[in-house]
1. Quick check on A:S155: is it surrounded by 14 or more Cβ atoms within 10 Å (Cβ to Cβ) and among the polar types (S, T, N, Q)?
2. Determine if region A:98-117 includes at least one residue that is touching a helix residue (DSSP H, G or I) at 6+ places or on another chain (Cβ under 8 Å), part of a loop (DSSP other than H, G, I, E, B), over 19 Å from A:M32 (Cβ atoms) and of a type in the set (A, V, I, L, M, F, W, C).
3. If you go through region A:66-84, how many residues are crowded, with 18+ Cβ neighbours inside 10 Å and farther than 16 Å from A:V21 by Cα?
4. On the basis of being closer than 15 Å to A:M141 by Cα and of a type in the set (S, T, Y), does A:T156 make the cut?
5. Kindly evaluate A:E98 against the criterion of being under 30 Å from B:V85 (Cβ atoms), in contact with a strand residue (DSSP E or B) (Cβ under 7 Å, 6 or more places away or on another chain) and among the charged types (D, E, K, R).
6. Condition first: within 25 Å of the chain's Cα centre (by Cα), surrounded by 18 or more Cβ atoms within 10 Å (Cβ to Cβ) and either among the small types (G, A, S) or at pLDDT 75 or above (or both). Can you find one or more residues in region A:278-286 that meet it?
7. Could you tell me whether B:F228 is modelled with pLDDT of 90 or more and closer than 30 Å to B:A19 by Cα?
8. May I ask you to say which residue of A:N74, A:N93 is within 11 Å of chain B (Cβ to nearest Cβ) and in contact (Cβ under 8 Å) with a residue 24 or more places away in the chain?
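The values are calculated or read from the model by the stated rules, or taken from the named source; none is laboratory data. Please read all numbers here as calculations on a predicted model, not as lab measurements. Please note: Cβ atoms are built from the backbone with ideal geometry, for glycine as well, and neighbour counts cover all protein chains shown.
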There are 2 protein chains.
Amino acid sequence: MSLNAASADIPSLSATSYATVYNLFSLVIASMLFTALFLLFSQRQVTPRYRNAIVVSAIVCGIAAYHYFRIFNNFEASYPPGATVDSVHELSNVRFNEGYRYVDWLLTVPLLLIETVAVMALTRGESKSLLVKLVPASALMIVLGYPGEISLDTSTRLIWGTLSTIPFLYLLYVLFVELSKSLDRQPPEVVHTIKMLRLALVGLWGVYPIAYLFPILGGDFFTGEGGFVLKQAGYSIADILAKAAFGLAIYKVARVKSRLEDPSRDEEHAAVPTVDGHASGSNGARSADERVAAAGAVNGRAASSRRPA
Amino acid sequence: MSLNAASADIPSLSATSYATVYNLFSLVIASMLFTALFLLFSQRQVTPRYRNAIVVSAIVCGIAAYHYFRIFNNFEASYPPGATVDSVHELSNVRFNEGYRYVDWLLTVPLLLIETVAVMALTRGESKSLLVKLVPASALMIVLGYPGEISLDTSTRLIWGTLSTIPFLYLLYVLFVELSKSLDRQPPEVVHTIKMLRLALVGLWGVYPIAYLFPILGGDFFTGEGGFVLKQAGYSIADILAKAAFGLAIYKVARVKSRLEDPSRDEEHAAVPTVDGHASGSNGARSADERVAAAGAVNGRAASSRRPA
């Protein structure tokens, strides 16, 4: 009995399949890189309490952008162009390395949980109690999936896949039972969004095990070129939703909570970094005092001499 | 009698060994680069007194990211793909240069000691007294290890390894005897963490001499492909823990101490550095006092002189 589910390497891609995957990978790079920049440059739209959640969201998108740069370059090296523009792209001697995705997830999945807990702004004790459960369980889920992913053997794939499901179920328990207790204390304006975020998180994670099972599903489609394109499309779209769109939703929650907790703060109170990074912090709606402080922030020395005695 | 312990160059790597090392190096790059960015963008979450420790931690991670970019590219050049994706990767005419690691350590190890002393916020005299001992001793430790690392001769390796151990033992003495006197004056909330940091520092350094001894241990495993992969994995994981995780722990200590020393400061008081590092520290909700202090924080000298009497 052959346990070899499929060759993981697709021997060739049509010009259309190649272009589809290529464009998708580029879409992911653009989405991740510029969501990261948007979030970094928008930190000051939320109160300091929520900035850690925004910076972590930006870091997640930055890490994903880095990995998609590598995946993109690897893809080009693995499937170089043929004799003409219409030729199939034959697999070169460079393997298309799915392992990068696991490296990405190992870093980003725990961070996604950290940003979710951070935006809830729980007490230190509650946050810590959730994170010591969520972070190790999520890292374990990724680590246990890796040996299965790189194996071509169906049994090996199933065993590691099953092991990886155990921490996943534990994550579901923590997110849907333990975290729910804290949800009652969130402002009603954001409870729905946080619930949706939680659902999106685990819903999107569902894409990954489905792609993982493709070689086991077997058949010409799932183990061939069509399955490869579908898998890369699935991963790419799931990554955009689970990291970039997710990060923007976190930002939205932080904005709403900032406004509720500090009604004086609204879009009026944000300073705008200009191209060279100096803060242009003056704004018609501000008091003279605020404008002076903003100006002083650019030039620390000057500000220091103006401290009230 | 041959004193040649082993050829340092591994003639070939299997596709799996190659992929494992490749993914690990990429993991280190992502961890270091994004920890550096996170720390730089989160500086203002701590009081000015601790920002130097955070910036130095970020610089350590940045230096390590740079060296791992070089190591990654060197690895690709040394072990190019064979005829097919499953072929072994034969050593090319480009040597895999372990010397990079020593260059990295020569810069980062003294800086790790500097960030550890900085986060303790001792008096100037105490800090100086510790640093004039720790920094030269740590640089000497690395410099003395290098001639042994590049030698294939067992005696040479042992001699330089032993010489390198002398400053290491002196570092242990300074860290565990002299630094302990200052630990009594740290807030109880962070004493445990600082002790763990110190232990992590020297514990993780233990990985490096073990890898150094591989060629001396001899045997097919330690001098062959398996030993090579294990050594690269050990270095990579030790580097992530000793630099990125260590930097985040320093940040944690700085956050706790900032909160204890200035209870009015919590997540509430952070401003955000813009691209070139100028703080845009104004904020509608702040008191004039706080705003000026935030502005002054850009210029550490000024801030320190403005402490209320």
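1. Taking the combined requirement at face value, the residue does not satisfy it.
2. Within region A:98-117, not a single residue is touching a helix residue (DSSP H, G or I) at 6+ places or on another chain (Cβ under 8 Å), part of a loop (DSSP other than H, G, I, E, B), over 19 Å from A:M32 (Cβ atoms) and of a type in the set (A, V, I, L, M, F, W, C).
3. 1
4. Considered against the rule, which asks whether it is closer than 15 Å to A:M141 by Cα and of a type in the set (S, T, Y), A:T156 comes out as no.
5. Considered against the rule, which asks whether it is under 30 Å from B:V85 (Cβ atoms), in contact with a strand residue (DSSP E or B) (Cβ under 7 Å, 6 or more places away or on another chain) and among the charged types (D, E, K, R), A:E98 comes out as no.
6. no
7. yes
8. When all the criteria are applied, what remains is A:N74.
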